[in-house]
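As structure tokens, the structure follows; a few thoughts come after it.
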Amino acid sequence: MHRTNLTRDEARERARILSVDSYEVQLDLRSAVQAVRAGEGAGRFASRTVLRFRCSEPGADSFADLLAPVVRSVVLNGRALDPAEVFDGSRITLPGLAESNELVVEADCAYSRTGEGLHRFTDPVDKETYLYTQYEPADARRVFTTFEQPDLKGPFTFSVTAPAHWQVFSNSAAGGDPEPAEDGLTWNFTPTPRISSYITAVVAGPYHVVRDHHTQELADGRRLEIPLAALCRASLAQHFDADEVFTVTKQGLDFFHQEFDYAYPFGTHAQAFVPEYNLGAMENPGLVTFREEFVFRSKVTEAAYEGRANVILHEMAHMWFGDLVTMQWWDDLWLKESFADFMGAFAQVEATKFDAGWITFANRRKTWAYRQDQLPTTHPITADIRDLEDAKLNFDGITYAKGASVLKQLVAYVGRDAFFEGARRYFKRHAFGNTTLADLLAVLAETSGRGAEAMAEWSRAWLETAGVNALTPQVVTDSAGVITSFAVLQDAVEAFPTLRPHRIAVGLYGKDGNGALVRTHRVELDVAAGPRTEVPELVGLARPELVLVNDDDLTYCKIRFDEASLETLRDGLGDIADPLARALCWSALWNLTRDGLMPARDYLDTVLRFAGRESDIGVLQSLHQQARSALDVYVSDSTGARAEWAARLAEGALRELRAAAPGGDHQLAWARFLTQTASSTADLQLVKGLLAGTARIDGLDIDQELRWALLHTLVAAGEAGEQELAVELLRDDTASGKRLQTACLAARPTAQAKAAVWRQVVDSDELPNALVEAQISGFQSAGRRDLLVPYTEPYFDVLEKVWGERSIEIAMRIVSGLFPKLVTTAETLARTDTWLAEHPTAAPALRRLVLEARDDLARALRAQECDARR
């Protein structure tokens, strides 16, 4: 039986009897270029693994993991085993183990076009081939033989043979100059410390490399020299701002060294920006990989640079949280991802020029968490991960953003000094080992002074239960407007009823002499784990114009408003002077809209009236994204309101575009929003003029990325087609250009275009991951929903086939991306319910994705009902 999954029970049993001494991995990658020249598909490469390990129960059987088209030989303790007998396609049976064992496996492994394993990409600009690996949670087995679980750590020694003109990097430094080989060179890397297989890495190809170094003074007087490198494809070198990457990198290294009191543990620190990458980045020690979209080839706003800095610091935090100390199994994935998410924002604010990081955290990361935590598939931060498919789906808003939010509250609960002292003890106590939740709670109990029971209680409330609470102020005043009673009300949904203790600040806001809404009073308090908490400190004060619970964003909750405060926001949200308070109010209004408590058109009206006054560019771009989502799925279209409000949004975008400072971030943001909302004849004529250069707006540079956005608008409206797209691709015949052209082709408002997408994405598996994503994004175009209706039934018909035949990464994209989310009807909801009822034994991960899509659809229908009552 071909078993690509691995259960927690299997992993526990294997770890119970096995321990790893070392890995030696030899990869021959010369075939990557040879296959391209021969016009072959994915192609194969030679992989040889020598795995030395111990068994505590001699005579026992176990298994190793490998996903390979061909296994040439298997030798266990000097005895040749027949691959046909011991290899089933994903596992190698290891019979009759000795106390000390050596396994030697030679295989032909497959290059990937899905971003899993060893991904191969050919640059259309210079026809050069680039390789990189991506393994988390369990794809190292696509490249070499391994025990694919995080708690069987070992030192890895990699040897890579590749074309002579290539650059080759791995987790550790090369042991010397590369050695000659036929048609290439062999790079031999020094052994790594003990690490998990999923964070090993190889990057190879004719990459453009910029080098630097960083020196740190250690507590014992020694100097730590950290070689740095930054890589991108050669055709992107002209756009690569490596100096800015190194600046953030050095600031992060200094910050974490100071706060963690544990020197950077992995020697070198290279950062590779790679093509067709499925993630934002991956924390491979010594060789972090990033999606190359972080190399900005056109103008972007400051929010994009801030976002990149956050990701650099997030991945750097993983060098300690996740790489040095690793979770035992994926149940405790949060032990690395929540901490990295929190520490990325923390370091950004304290160590870099991006000091508005907590505004972005509140505005973007927590919005992600709030959405995820209201799905029927939400889970505690410490999740129940039964197998690798569960693990793959748990890289979500709970594990990252909710976990980080809870850690932010934990710092407020135990104090900054106690929190970082706990981290220091955690690293020193468990360096190069594996941990569980209990290990973290133990050190925090020691350093916080709150004791083990208090930390256990905090854990039960915040880490071991699911769901988000809503906090609402209840304000009672007398006839003179003086507060006679003030309470914070807490509630939860029936499915996840836990009420929790919260550390919050309550802010009272009123107008100053200039008409700005400013905070006049602030009180910090503990909200009890119950439905009502009195706040006597505010009794006797004049009733403010705005009450903001969770001011300063100390806790994780949905903010609600009393009716007077809500009216203040409707009339004057843009008057709030403090950018964090303003961001919290915007976020709260979005949650009200998603929850069907505020009509979507009221939300859009608020955006139209006040978004132009938003100073924080990241918040503004989020408002644009949310306004577009509200228009697409939350506005009731029973009376043609969607077209009317699209026109209003486009009118507002054009007004703000012309009013924005020439050449600034806000001008660019409004220009992009115009491309997302333009639909009238006049709007489309302006878009045509901007693209052709016959219309101009002072200071707005129509660079290549903006050209594609303008063209996408015209194509989706039927005002441009294949000919214009072909001409634009000649102008921008790059990987990015091909991806953007593919999305445009998929967005054409014709039945033929949609059918072509279905054939290429569902009926065929020839497209690489980046083009699958582009096809799906263009397919889901809101302009002509009638063209999507015929694919509702075929979607449900192919779900199990797609899940069974595609890699999990591609299957997830198809299942989530092609769900008929824009066919927001009761019939679509009923069809989804029918599929779920008829497929109770479908793969749990597949059912989870469908359940989540179903919940989004049901939410959209409720929001439309609310909007229809407006």
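The values are calculated or read from the model by the stated rules, or taken from the named source; none is laboratory data. Everything numeric in this text was worked out from a predicted model, so none of it was measured. Here Cβ is always computed from backbone atoms with ideal geometry, including for glycine, and neighbour counts include all displayed protein chains. Calculation scope for accessible area: heavy atoms of the full protein, side chains included, ligands and nucleic acids excluded. Shrake-Rupley method; radii C 1.70, N 1.55, O 1.52, S 1.80 Å.
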* Would you check if residue 701 is within 22 Å of residue 239 (Cα to Cα) and either polar (S, T, N, Q) or surrounded by fewer than 16 Cβ atoms within 10 Å (Cβ to Cβ) (or both)? => yes
* **Options 550, 469; residue that is over 27 Å from residue 571 (Cβ atoms), touching a His at 6+ places or on another chain (Cβ under 9 Å) and polar (S, T, N, Q)** => 469
* Scan of region 514-551 for residues that are closer than 27 Å to residue 460 by Cβ and either open to solvent by 70 Å² or more (accessible area, probe 1.4 Å) or of a type in the set (Phe, Trp, Tyr) (or both), ordered by number -> 524, 526, 531, 532, 534
* Somewhere in region 543-551, is a residue part of a loop (DSSP other than H, G, I, E, B), under 32 Å from the mean Cα position of the chain (by Cα) and within 21 Å of residue 414 (Cβ to Cβ)? -> yes
* Index of the failed condition, residue 696 passing every other in (1) assigned to a helix (DSSP H, G or I); (2) over 25 Å from residue 276 (Cβ atoms); (3) open to solvent by 40 Å² or more (accessible area, probe 1.4 Å); (4) free of Cβ contacts under 8 Å to residues at least 24 places away in the same chain -> (1)
* Within region 614-661, work out how many residues are closer than 25 Å to residue 585 by Cβ, in contact (Cβ under 8 Å) with a residue 40 or more places away in the chain, open to solvent by 20 Å² or more (accessible area, probe 1.4 Å) and more than 28 Å from the chain's Cα centre (by Cα). => 4
* To do: Mind listing just one residue for me: the one in region 208-253 that is within 20 Å of residue 302 (Cα to Cα) and either β-branched (Val, Ile, Thr) or assigned to a strand (DSSP E or B) (or both) and, of those, most open to solvent (accessible area, probe 1.4 Å)?
  => 247
* Which one is most open to solvent (accessible area, probe 1.4 Å), of the residues in region 163-202 that are free of Cβ contacts under 8 Å to residues at least 12 places away in the same chain and in a strand (DSSP E or B)? -> 180
* When region 1-47 is examined, which residues are found to be under 30 Å from residue 205 (Cα atoms), at pLDDT 95 or above and touching a helix residue (DSSP H, G or I) at 6+ places or on another chain (Cβ under 9 Å)? -> 23, 44, 45, 46
* Provide a single number: the residues in region 327-341 that are part of a helix (DSSP H, G or I), under 12 Å from residue 436 (Cβ atoms), more than 14 Å from the chain's Cα centre (by Cα) and not acidic (Asp, Glu). => 2
* Check on residue 723, open to solvent by 20 Å² or more (accessible area, probe 1.4 Å) and either among the aromatic types (Phe, Trp, Tyr) or within 23 Å of residue 593 (Cα to Cα) (or both) -> no
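Name the residues in region 736-778 that are among the charged types (D, E, K, R), outside any loop (DSSP other than H, G, I, E, B) and over 22 Å from residue 724 (Cβ atoms), would you?
At the first step, the residues of region 736-778 found to be among the charged types (D, E, K, R) are 738-739, 748, 754, 759, 763, 765-766, 773.
Now drop any that are not outside any loop (DSSP other than H, G, I, E, B), which leaves 738-739, 754, 759, 763, 773.
Passing the criteria: 759, 763, 773.
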* Structure fact -> Within region 270-321, residues over 24 Å from residue 168 (Cβ atoms) and crowded, with 24+ Cβ neighbours inside 10 Å come out as 308, 309, 310, 313, 314, 317, 320, 321
* Which helices (runs of 4 or more DSSP H) does region 353-434 wholly contain that include 1 or more residues that are in contact (Cβ under 8 Å) with a residue 60 or more places away in the chain and under 17 Å from the mean Cα position of the chain (by Cα)? -> 357-360, 366-373, 388-393, 403-414
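Would you call residue 258 in a helix (DSSP H, G or I), at pLDDT 95 or above and open to solvent by 30 Å² or more (accessible area, probe 1.4 Å)? Write out each step before concluding.
On the way: in a helix (DSSP H, G or I): yes; at pLDDT 95 or above: no; open to solvent by 30 Å² or more (accessible area, probe 1.4 Å): yes.
So residue 258 does not fit the description; no.
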* Asked: What pairs come up if the first residue lies in region 815-835 and is in contact (Cβ under 8 Å) with a residue 40 or more places away in the chain and under 23 Å from residue 804 (Cα atoms), the second is in a helix (DSSP H, G or I) and not β-branched (Val, Ile, Thr), and their beta carbons are under 6 Å apart, counting only those six or more places apart or on different chains?
  -> 818/795
* Structure fact -> When residue 685 is run through (1) closer than 20 Å to residue 619 by Cβ; (2) surrounded by fewer than 19 Cβ atoms within 10 Å (Cβ to Cβ), the failure sits at (1)
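Do we find that residue 587 is assigned to a helix (DSSP H, G or I) and either modelled with pLDDT under 95 or closer than 23 Å to residue 502 by Cα (or both) in this structure?
Details: assigned to a helix (DSSP H, G or I): yes; either modelled with pLDDT under 95 or closer than 23 Å to residue 502 by Cα (or both): yes.
Answer is yes for this residue.
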* Asked: Since residue 855 meets every condition but one in (1) open to solvent by less than 40 Å² (accessible area, probe 1.4 Å); (2) closer than 21 Å to residue 763 by Cβ, which condition does it not meet?
  -> (2)
